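Student: My questions will all concern the structure given below.
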Amino acid sequence: MPSLHFLLPLLSLLSLLPLSLAQSPRGTFIDCGALVGSTINGIEWLPDTGYVSSGTPKNITTTVTVETLSTVRSFPNKLHCKFCYEVPVFRGARYMVRTTYYYGEVNGRDSPPVFDQMVDGTFWSVVNTTAEYEQGLSSYYEGVFLAQRKSMSLCIGSNNHTDSNPFISALEFVILEDSVYNATDFNKYALSLVSRHSFGYNGTDNIKYPDDKFDRYWEPFGDNAHMVAGNKNVSVSGFWNLPPKKIFETALATGPKKHMELIWPPVLLTNSRYYIALYFADNPDSSSLGGSRMFDIIINHVPYYRNLSVKPDGAVIFAKQWPLKGATNITLIPVAGSNKGPLINGGEIFHLLDLGGRTLTRDVIALEKFKKSLQNPPLDWNGDPCLPHLYSWTGITCSYGRRIRVVTLNLTNMGLSGTLSPNISRLSALNGILLGNNNLSGTIPDLSSLTRLGKLHLEDNRFSGEIPKSLGNISGLRELFLQNNNLTGQIPSSLLRKAGLNLQTSPGNQLSSPPPY
């Protein structure tokens, strides 16, 4: 693909087509910590009890005017343990995921905690709401992710900087149309919003639903010296990202032959790759006077797009993977022959996230079925079992090769009740099962398909029935601990004669040895 200095991606110029009728956002809107649902500005918000199995709903201690900020769900401050919302989705659809946080001194401290958030197996960002909270504001984070399974997880976890319980106020999963941000390969990447602004707009609230059909937030941006009236008649339905018509009603502009310089986005960027979309539409009143509005776009002294001709029907220039670091300077420079100065209406910039991968589906299904066989599974057994790396499930060890597999299950002394599901035999990469000193009951399933299994520790439980003869067929089995259960029958001769096997069956069982041959 053509690129500037072989580093910069191809830029595309799209014309704007006729406007379609606005639709309500499609998706799931969760009021975290709420016990009942509500309808706000035409959007139905649901209580979170059907989506999360851990944490505690709480009312904040400060007064707020936005109903969804009055409650939170608070999670234990347990280092690198994740607590997840599981939300049903349409596999293959693209979702805008937004998390909202308003502390409200729910932990009894002046400052909110700092913690991590993840989507499925991808580390999304650190959540640090301190600056906004000091100004009395809530904080939101927005990303675009592909639904790779029939559910998506949004997880919260404590990191090394977390000093009190993590929390969340609201969670949204909104389906995007196929054209939106479709230049990104969502099988490899996700997008994390850095900034989205309507230039020249000075309203007291963000532009959002119903102006934006997906309820994206467009924040005000501009200075009085360059604010001008925009175009109220732009058609946007054919534009891939489907921006709201309202962002074209205002603009920043300069006079003829004058440059425009913007420090945008208004934050310092980490050294990485970014998706950028800049929106333009000329004022028809200005166009009726004749002449042209053409200019070059320069970002940090590097040409972004040359000879852009802005007309009333509008255009967008986007870059899929543009490298940026630190402060970003956008300069609009009139070209020779243009008798009108530069103009800009809006902009979006996203950080490009590498997807973290996902645990092999077969292993995930097997673990989910094992989880269902437990009456009290570990609280953090939600989301992806192995990813992100620091946030694998309690008791799970994984291998991270070409395929991500579960290799050890160690839930020793966890106070577990329930049974040992036969589906555990589908975890074919397991080399160790350590479930000693729990309250597990039922029979021991056939585990002979676990050809890599070296350790099987089931001691100090309430297993009953006979020891499966098939255990003797596991060639690599070196430790089999079965003492202090309720097992009966004969010890299989294949185990007694197995070379190198450390077999522990007593005390606590009613077992006999097979008759001598």
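Student: Filtering the stretch 92-125 down to residues that are part of a loop (DSSP other than H, G, I, E, B) and in contact with a strand residue (DSSP E or B) (Cβ under 6 Å, 6 or more places away or on another chain), which residue is surrounded by the most Cβ atoms within 10 Å (Cβ to Cβ)? Please lay out each step first, then the result.
Tutor: Keep residues of the stretch 92-125 that are part of a loop (DSSP other than H, G, I, E, B), which gives 92-93, 102-114, 120-121.
Restricting the remaining residues to those that are in contact with a strand residue (DSSP E or B) (Cβ under 6 Å, 6 or more places away or on another chain) gives 93, 106, 120.
Details: Ala93: 17, Val106: 24, Asp120: 26.
This residue is Asp120.
Student: In addition: Condition (residue is buried (at least 21 other Cβ atoms within 10 Å of the Cβ), modelled with pLDDT of 95 or more and closer than 20 Å to Ala366 by Cα) applied to the stretch 469-478: is it met by at least one residue? Walk me through how you get there before you give the answer.
Tutor: Taking the stretch 469-478 as the starting set, the residues that turn out to be buried (at least 21 other Cβ atoms within 10 Å of the Cβ) are 471, 474, 477.
Pick out the ones that are also modelled with pLDDT of 95 or more and you get 471, 474, 477.
Then drop every residue that is not closer than 20 Å to Ala366 by Cα, which leaves 471, 474.
Checked the stretch 469-478: at least one residue is buried (at least 21 other Cβ atoms within 10 Å of the Cβ), modelled with pLDDT of 95 or more and closer than 20 Å to Ala366 by Cα.
Student: Being crowded, with 21+ Cβ neighbours inside 10 Å, among the charged types (D, E, K, R) and out of contact with any Leu (no Cβ under 7 Å at 6 or more places or on another chain) is the requirement here; does Glu249 meet it? So that I can check it myself, show each step before the final result.
Tutor: Working: crowded, with 21+ Cβ neighbours inside 10 Å: yes; among the charged types (D, E, K, R): yes; out of contact with any Leu (no Cβ under 7 Å at 6 or more places or on another chain): yes.
Yes, satisfied.
Student: How many residues are among the hydrophobic types (A, V, I, L, M, F, W, C), within 18 Å of Leu352 (Cα to Cα) and touching a Ser or Thr at 6+ places or on another chain (Cβ under 8 Å) when one looks only at the stretch 172-211? Steps first, please.
Tutor: Of the stretch 172-211, the ones among the hydrophobic types (A, V, I, L, M, F, W, C) are 173-176, 180, 183, 186, 190-191, 193-194, 199, 207.
Subset that is within 18 Å of Leu352 (Cα to Cα): 176, 180, 183, 186, 190-191, 193-194.
Those left that are additionally touching a Ser or Thr at 6+ places or on another chain (Cβ under 8 Å): 183, 190-191.
Number satisfying all stated conditions: 3.
Student: Might you let me know whether the stretch 473-480 holds any residue that is part of a helix (DSSP H, G or I) and either free of Cβ contacts under 8 Å to residues at least 60 places away in the same chain or not aliphatic (A, V, I, L, M) (or both)?
Tutor: Filtering the stretch 473-480 down to residues part of a helix (DSSP H, G or I) leaves 473.
With either free of Cβ contacts under 8 Å to residues at least 60 places away in the same chain or not aliphatic (A, V, I, L, M) (or both) added as a condition, the list becomes 473.
Yes, some residue in the stretch 473-480 is part of a helix (DSSP H, G or I) and either free of Cβ contacts under 8 Å to residues at least 60 places away in the same chain or not aliphatic (A, V, I, L, M) (or both).
Student: Within the bounds of the stretch 38-45, is there any residue that is touching a residue at least 24 places away in the same chain (Cβ under 8 Å) and charged (D, E, K, R)?
Tutor: Taking every residue of the stretch 38-45 in turn, none turns out to be touching a residue at least 24 places away in the same chain (Cβ under 8 Å) and charged (D, E, K, R).
Student: Contact list please: Cβ distance under 9 Å, first residue in the stretch 354-376 and over 16 Å from Leu447 (Cα atoms), second residue open to solvent by 20 Å² or more (accessible area, probe 1.4 Å) and aromatic (Phe, Trp, Tyr), pairs at least six apart or on different chains.
Tutor: Once the first residue is over 16 Å from Leu447 (Cα atoms) and sits in the stretch 354-376, its partners that are open to solvent by 20 Å² or more (accessible area, probe 1.4 Å) and aromatic (Phe, Trp, Tyr) give Asp354/Tyr189; Leu355/Tyr189; Gly356/Phe123; Gly357/Tyr400.
Student: Among the residues of the stretch 255-276, write down those that are closer than 10 Å to Ile333 by Cα and hydrophobic (A, V, I, L, M, F, W, C).
Tutor: Within the stretch 255-276, the first condition is being closer than 10 Å to Ile333 by Cα, and the residues that meet it are 257-261.
Within the stretch 255-276, just Met260 meets the criteria.
Student: When you scan the stretch 126-244 for strands (runs of 3 or more DSSP E) that lie fully inside it, which ones turn up with 2 or more residues that are buried (at least 18 other Cβ atoms within 10 Å of the Cβ)? So that I can check it myself, show each step before the final result.
Tutor: Values: elements: 139-146, 151-157, 170-176, 189-199, 219-221, 227-229.
Hits in the stretch 126-244: 139-146, 151-157, 170-176, 189-199.
Student: Considering only residues of the stretch 1-33 that are in contact with a Leu (Cβ under 8 Å, 6 or more places away or on another chain) and either part of a strand (DSSP E or B) or surrounded by 12 or more Cβ atoms within 10 Å (Cβ to Cβ) (or both), which is modelled with the lowest pLDDT?
Tutor: Here is the first cut: in the stretch 1-33, the residues in contact with a Leu (Cβ under 8 Å, 6 or more places away or on another chain) are 1-3, 13, 28-32.
Okay, now just the ones that are also either part of a strand (DSSP E or B) or surrounded by 12 or more Cβ atoms within 10 Å (Cβ to Cβ) (or both), so 3, 13, 28-32.
Numbers: Ser3: 29, Leu13: 39, Thr28: 98, Phe29: 98, Ile30: 98, Asp31: 98, Cys32: 98.
Here the residue is Ser3.
Student: Additional query: Determine which single condition Gly92 fails, assuming it passes every other condition in (1) modelled with pLDDT of 95 or more; (2) under 25 Å from Asp215 (Cα atoms); (3) over 18 Å from the mean Cα position of the chain (by Cα).
Tutor: (3)
Student: Show the residue pairs that are 6+ apart or on different chains and have beta-carbon atoms under 8 Å apart, the first residue being within the stretch 75-91 and part of a loop (DSSP other than H, G, I, E, B), the second being surrounded by 21 or more Cβ atoms within 10 Å (Cβ to Cβ) and among the acidic types (Asp, Glu).
Tutor: Note: pairs meeting the criteria are Lys78/Asp380; Cys81/Asp380.
Student: Restricting to the stretch 273-299, count the residues that are open to solvent by 30 Å² or more (accessible area, probe 1.4 Å) and either modelled with pLDDT of 95 or more or not acidic (Asp, Glu) (or both).
Tutor: The first filter runs over the stretch 273-299 and keeps only residues open to solvent by 30 Å² or more (accessible area, probe 1.4 Å), leaving 273, 284-285, 287-292, 294.
Going one step further and asking which of them are either modelled with pLDDT of 95 or more or not acidic (Asp, Glu) (or both), we end up with 273, 284, 287-292, 294.
Number satisfying all stated conditions: 9.
Student: Answer yes if at least one residue in the stretch 395-404 is assigned to a loop (DSSP other than H, G, I, E, B), surrounded by 18 or more Cβ atoms within 10 Å (Cβ to Cβ) and on the phi < 0 side of the Ramachandran plot, and no otherwise.
Tutor: Scanning the stretch 395-404, I find no residue that is assigned to a loop (DSSP other than H, G, I, E, B), surrounded by 18 or more Cβ atoms within 10 Å (Cβ to Cβ) and on the phi < 0 side of the Ramachandran plot, so the answer is no.
Student: Kindly state which strands (runs of 3 or more DSSP E) lie completely within the stretch 303-360 and contain at least 1 residues that are within 27 Å of the chain's Cα centre (by Cα) and not aliphatic (A, V, I, L, M). So that I can check it myself, show each step before the final result.
Tutor: Details: elements: 315-326, 329-334, 346-354.
Here the list reads 315-326, 346-354.
Student: For the stretch 35-60, give me each residue that is in contact with a Leu (Cβ under 8 Å, 6 or more places away or on another chain) and among the hydrophobic types (A, V, I, L, M, F, W, C).
Tutor: Of everything in the stretch 35-60, just one residue is in contact with a Leu (Cβ under 8 Å, 6 or more places away or on another chain) and among the hydrophobic types (A, V, I, L, M, F, W, C), namely Ile60.
The values are calculated or read from the model by the stated rules, or taken from the named source; none is laboratory data. All of these numbers come straight from a predicted model, not from anything done at the bench. No Cβ is skipped: glycine too gets one built from the backbone with ideal geometry, and neighbour counts run over all protein chains shown. Heavy atoms of the whole protein, side chains included, go into the accessibility calculation; ligands, DNA and RNA do not. Shrake-Rupley method; radii C 1.70, N 1.55, O 1.52, S 1.80 Å.
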